[in-house]
Amino acid sequence: MPVSAGSAPLILDACAGPGGKSTHLAQLGARVVATDIRPGRARMVADAAQQLAAGADGDRVHVVVADALRPAVAAGLFDAVLVDAPCTGLGVLRRRPELRWRRDAADPDRLATVQAALLEAAIELVRPGGRLVYSVCTWPEVETVGVVQRLIAVAGDRVQVEDAAILLGRSGDEGSLGAGVQLAPDRDDTDGMYVSVLRRTA
Ligand SMILES: C[S@@+](CC[C@H](N)C(=O)[O-])C[C@H]1O[C@@H](n2cnc3c(N)ncnc32)[C@H](O)[C@@H]1O
């Protein structure tokens, strides 16, 4: 997870449910504000935080039911914001084959519009010098590189794309897509995740 910083960085996990990444970040020492628009999903984050060893790491996760498209926190508050966005989920088909029948051809474009709006809202919450991390568990370019390009089109003067491959400790990366990284189940033995890391410069 390339959102490390100095001591106890303050991180917003904007689309947090069920909480895998929030709890991981807390275990790495971050203070995490975890939001999800669905109360049931937010509850899952709270439950996962409670289960962290001895409760000590869990105390660093603060869960809020909130719409990340309409943030109610001060601009520039966070050292880093993670947008692990709702997506077509094609990268988890080996674990959830039923998704095949729950998707239609219009889904990537429809979801890309939501993903781009989430990133636009999220960049405002990152302090200058902080990082915005975008991830999805899918691979259509409209939902991956395309979403990052949409953010650059509206905020390119305030955002610099970092080399996610280097941040993820990979080199000579055949999965490198633009400056983001596309992981593939057959090549990487993981879910088909896409990750892009952006630094807010101003
Ligand atoms: C891919 S899942 C996140 C998985 C999570 N990061 C983890 O690692 O456990 C996307 C989440 O985004 C939430 N979501 C969708 N639209 C949202 C919005 N506008 N604001 C906040 N959360 C949203 C969904 O309810 C869902 O729980």
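The values are calculated or read from the model by the stated rules, or taken from the named source; none is laboratory data. The structure displayed is predicted, hence computed values, not measured ones. Positions of Cβ are generated from backbone atoms using ideal geometry, with glycine treated the same way; all protein chains shown enter the neighbour counts. For accessibility, only protein heavy atoms count, side chains too; no ligands or nucleic acids. Shrake-Rupley method; radii C 1.70, N 1.55, O 1.52, S 1.80 Å.
Computed values, structure above
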item	result
Some residue of region 68-85 being at pLDDT below 95 and either assigned to a helix (DSSP H, G or I) or within 10 Å of the ligand (Cβ to nearest atom) (or both)	yes
Residue list for region 59-74, restricted to those being out of contact with any Lys or Arg (no Cβ under 9 Å at 6 or more places or on another chain) and among the hydrophobic types (A, V, I, L, M, F, W, C)	64, 66, 68, 69, 72, 73, 74
Close pairs from region 26-42: first hydroxyl-bearing (Ser, Thr, Tyr), partner more than 9 Å from the ligand (Cβ to nearest atom), Cβ under 6 Å, at least 6 apart	35/64
Total residues in region 19-38, condition within 8 Å of the ligand (Cβ to nearest atom), of a type in the set (Lys, Arg) and in contact with a strand residue (DSSP E or B) (Cβ under 7 Å, 6 or more places away or on another chain)	1
Yes/no for residue 79 being touching a helix residue (DSSP H, G or I) at 6+ places or on another chain (Cβ under 7 Å) and either exposed (fewer than 14 other Cβ atoms within 10 Å of the Cβ) or not hydrophobic (A, V, I, L, M, F, W, C) (or both)	no
Whichever residue in region 19-43 is part of a loop (DSSP other than H, G, I, E, B) and farther than 13 Å from residue 7 by Cα and, among such residues, is most open to solvent (accessible area, probe 1.4 Å)	38
Strands (runs of 3 or more DSSP E) wholly inside region 93-202 containing at least 1 residues that are in contact with a strand residue (DSSP E or B) (Cβ under 7 Å, 6 or more places away or on another chain), away from the ligand (no atom under 16 Å from the Cβ) and open to solvent by 80 Å² or more (accessible area, probe 1.4 Å)	126-136, 159-162
